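Colleague: Before I ask anything, here is the structure I am working with.
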Amino acid sequence: MTAAMPASAQEADEELKDRTEIVVTAQRREERLQDVPIAISAVTAEDFEQRGARRLQDLQFSIPGLNIVETSPGSERLQIRGISQQAGLPTVATYIDEMNMNPNAVTGGVDIRSVDLERVEVLKGPQPTLYGEGSMGGTIRYITANPDLDDLAVRGSAEIGTIKNGNTAYRVEGAASVPIAPGTFAVRVAGAYEYTGGYIDTPRGDDQNGTRYKTARIKALFKPSETFNLSAMFMHHEWDQKDASYGFADGTYNVAGIFAQPAKGQYDVANLVGTIDLGFADFTSSTGYLSSKSRLDVSFPFAFPLPGGVLLPLSSSSRSAGEFERWTQEFRLTSSGTGPFKWLLGATYTDDKSKSGFSVLPVTTPIVLAPGQTSKAWAVYGEGSYTLGVATLTLGGRYYSDKRSDAARTTTNTFNTFNPRVNLSVETGDNGLIYLNASKGFRSGGFNTPGLFAPGEGTYAPEKLWTYEAGFKQQFLDRTLSLEGAVFYHDYNDIQSILLPTDNSPRIGRTINSGVARGWGQELAIVVRPDRAFTATFTVGHNDLTYRSTSLAVRPGDRLDNVPTWTWSAAVDYRKPVNDKVTLFANASLASTSGFTSTLRLFGDQTLNGVFVPGLSIVQRDGTRFPTVVRALSREIVNARIGADFGAITAYVYGQNLTNNFDSVYAGGVIQASQGARPRPRTFGAGLSFNF
């Protein structure tokens, strides 16, 4: 927050420059964002506060290439630069500090709220060397705020809002940093409670889909000397939704015979990170633990055609539950000094275990969880760069081995890969660079559920991706104008796709390797800061990745699931000091995405290689066949916020989704074919925050 007017024009100029000097650790060492020769976006704590964002999803269209869809509370489908599928493991790696949060399951990324964060770094394109498996589309790093070793700090906020045709939403958050031994040891605690408010009416009552989120975190920092520091972080997060956000355009979901669809879960994550300055290099050890539990009810309406044109209304109603546990250890050496040669070496080991259970609704007895898949993975990696004049060449690679077992099929398979990266960057003055980058991404294979696959489809193979990229970063006019852009090309092979079960049931079934996709993409971001009062941002992203192969799942020209062709955003932030104690502020943003699709071709009859393959025999309740391509429409979202900063206290009012766009946000497939996953309607509210 800005508490006072700068004493001179020079101080104002320095403040403006400081706002452009974001420091990131995307390449495992501290660097100015402007100097990192890859496509990366950084969202600071100030950005979250100014836009009233509670999660990265609220800001996604301001980050070219990023698209996040919440399939249910606690689970998000993340895609960066179009690398996204309904099947298989996540294609985007998600980290909290040094801990990899990707679940070892066919699911989306975990839910992470913006509670006391320092920043979020979004790395675009494969990150094979430093982040490894799962980082095909990119990597998202949530950096939590560190304790202050010297000063006591307390901050908090409270917010309340009213939803159009819904009920009240509210949120409280607080954090405190306490130096136990000033200069040496400090502890920071943070927590938040949020109720998102409901807006979908069902036969069970109105506004049934509100979700409650609880987050608590403690982080300790011990720094006995300038050459050694140790941090320990523990975080607990849980969610509980009464009913799903699926509904029709009028905000209701009144299909007969459908059970409630609650979702609940939690995760605990711990991360112990120690760093020792050895003189020639910094040695880092990261030990992590992750434990998660979740439960989800799904009720899917359909009909079965009988002779004489009679439709028998039915539903597939089930409860699934799961548990996941991970232990991970990483060691890393990062060179010190300012010489022309920089290097990094590391090794990781990860041990994952999962359990799962399934039951048909209504559930009368607790679900007994059975052992599922395990993964014991290790990797060694290295990267080196050499600077000659204004040019820097970087070479790196990671060897990765993933031994996977499936208890249900008593099957074990090991997936090995070597993933290289080559990068050439050239400085264009003090505030710019251009770069060329080629990198390979990888995603492990897996096992299909027994009884749902055809012969030879018990195991599906890993995916492989090569991405070639050219980009630039440049600042002009004494850093008041910033430009960043990139052009990239994907060569994506052995893509994992969902097929329906061979028994012709309405369940989502097996995974196959459906073929190849290729295509170009472009990104551009422009930031204008003519003075300390005004900032304008414009971003645009384009993706033309399409399938080039033919299979039961896809045809040439099909787009990948949930990938918009275009996204763009525009935002303005204005701060006007009234005197040395009060600053007025206002910001507004417009974000837009083109429509996107999800393909399930086996809902329709088709012929492949001269062989007729009948589609699923079930139909929708109105007698029409389920679509083979489910579409989500284009959306425009307008948000605004206005308030006053009194130094230690800030008060504001806000409006979200001001155009009240209620179109479906998820083209997920069979469940979403007859209704949509609906976003929160227009919301007005007010908030108060303090910082001492």
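Colleague: Add -39500 (n - 2.57) for each DSSP H run of 4 or more in the chain, then divide by its residues: what number comes out at 222 nm, to the nearest 500 deg cm²/dmol? Please report the intermediate quantities before stating the final value.
Modeller: Values: 2 runs with 19 residues, N = 692.
Taken over the chain, the calculation gives -1000 deg cm²/dmol.
Colleague: Pull up the cross-link candidates among the lysines for residue 353, meaning alpha carbon to alpha carbon under 19 Å and not fewer than 8 places away within one chain.
Modeller: Counting by Cα, and skipping residues close in sequence, residue 353 has these lysines nearby: 293, 376, 403.
Colleague: Which whole-Hz couplings ³J(HN,Hα) result when phi for each residue of region 564-577 is put into the Karplus expression 6.51 cos²θ - 1.76 cosθ + 1.60, θ = phi - 60°, listed in order with x for Gly and Pro?
Modeller: Values per residue, Gly and Pro as x: x, 6, 10, 9, 7, 8, 9, 8, 10, 10, 9, 10, 10, x Hz.
Colleague: Now a separate question. Any idea which of 382, 687, 266 is furthest toward the positive side of the dipole for region 9-691, if Lys and Arg beta-carbons carry +1 and Asp and Glu beta-carbons -1?
Modeller: 266
Colleague: Assuming 0.36 nm per residue, please report the length gained on full extension of the stretch residue 478 to residue 236 beyond their Cα-Cα distance. If you can, show how the numbers build up before the last one.
Modeller: Values: separation 242, 0.36 × 242 = 87.12 nm, distance 4.39 nm.
Extra length available between residue 478 and residue 236 comes to 82.7 nm.
Colleague: Here is a follow-up. With label points built 7 Å along Cα→Cβ from the Cα atoms of residue 278 and residue 622, find their separation and express it in nm.
Modeller: 6.7 nm
Colleague: So, one more: Around residue 82, with a cut-off of 9 angstrom between Cβ atoms, what is the net charge of the other residues, counting Lys and Arg +1 and Asp and Glu -1?
Modeller: Net local charge, residue 82 excluded: +1.
Colleague: Taking the Cβ of residue 303 as the center, what net charge do the other residues with Cβ under 9 Å away carry, scoring Lys and Arg +1 and Asp and Glu -1? Provide the component values of the computation, followed by the final result.
Modeller: Numbers: positive: 621; negative: 622.
Cβ neighbours under 9 Å give a net charge of 0.
Colleague: A further question on this structure: Using a Förster distance of 51 angstrom, determine the FRET efficiency expected from the C-beta separation of residue 22 and residue 291, and round it to 0.05. Before the final figure, lay out each step's value.
Modeller: Details: r = 33 Å, r/R0 = 0.64.
Between residue 22 and residue 291 the formula returns 0.95.
Colleague: Relative to the Cα centre, what is the charge dipole magnitude of the chain, using +1 at the beta carbon of each Lys and Arg, -1 at the beta carbon of each Asp and Glu, and rounding to the nearest 20 debye? Don't skip to the answer; put the middle values down first.
Modeller: Details: 65 positive and 70 negative charges, 353 e Å.
It comes to approximately 1700 debye.
Colleague: If you build the Cα gyration tensor of region 50-154 and take the root of 5 times each eigenvalue, what three semi-axes come out, in whole angstrom, biggest first? Don't skip to the end; give the middle numbers.
Modeller: Numbers: eigenvalues 121, 49, 34 Å².
Over the Cα atoms of region 50-154, the ellipsoid semi-axes are 25, 16, 13 Å.
Colleague: Hey, another quick one. Give me the distance between the Cα centres of region 115-179 and region 195-234, rounded to whole Å.
Modeller: First find each Cα centre; the distance between them is then 9 Å.
Colleague: Can I ask one more? To the nearest Å, what is the center-to-center distance of region 637-659 and region 235-268, using C-alpha atoms only?
Modeller: 29 Å
Colleague: Net charge around residue 250, counting only other residues with Cβ within less than 11 Å of its Cβ (Lys, Arg = +1; Asp, Glu = -1)?
Modeller: Neighbourhood net charge equals 0.
Colleague: Find how many whole Å separate the alpha carbon centroid of region 548-597 from the alpha carbon centroid of region 411-437.
Modeller: 26 Å
Colleague: Given R₀ = 56 Å, FRET efficiency for residue 181-residue 552 by Cβ-Cβ distance, to 0.05?
Modeller: Details: r = 64 Å, r/R0 = 1.15.
Efficiency for this residue pair is about 0.30.
Colleague: I've got another one for you. Using the alpha-carbon atoms, what tilt in degrees (0 to 90, nearest 10) does helix 9-20 show relative to the longest principal axis of the chain?
Modeller: Around 30 degrees separate the two axes.
Colleague: Right, next: Gain in length, residue 320 to residue 686, computed as 0.36 nm per residue apart minus the alpha-carbon separation, to one decimal in nm? Please report the intermediate quantities before stating the final value.
Modeller: Numbers: separation 366, 0.36 × 366 = 131.76 nm, distance 3.79 nm.
Result for the pair: 128.0 nm of gain on full extension.
Colleague: Among 378, 568, rank each residue by its count of other Cβ atoms within 10 Å, from fewest to most, as a rough exposure measure.
Modeller: Values: 378 15, 568 19.
The fewest-first ordering by Cβ neighbours comes to 378, 568.
Colleague: Only one of the values (1) -0.47, -1.01; (2) -0.85, -1.10; (3) -0.56, -0.96 was calculated from this structure for log10 I(q)/I(0) by the Debye sum over Cα atoms at q = 0.07, 0.10 Å⁻¹; name its label.
Modeller: (1)
Colleague: Find which of 620, 656, 646 sits farthest along the positive direction of the dipole of region 595-656, computed with +1 on the beta-carbon of Lys and Arg, -1 on that of Asp and Glu, about the Cα centre.
Modeller: The residue sitting most towards the positive pole is 620.
Bear in mind these aren't lab numbers, they're just calculated from the coordinates by the rules spelled out. Bear in mind the structure is a predicted one, so any value in this text is a computation, not a measurement. Cβ atoms come from the backbone with ideal geometry, glycine included; neighbour counts cover every protein chain shown.
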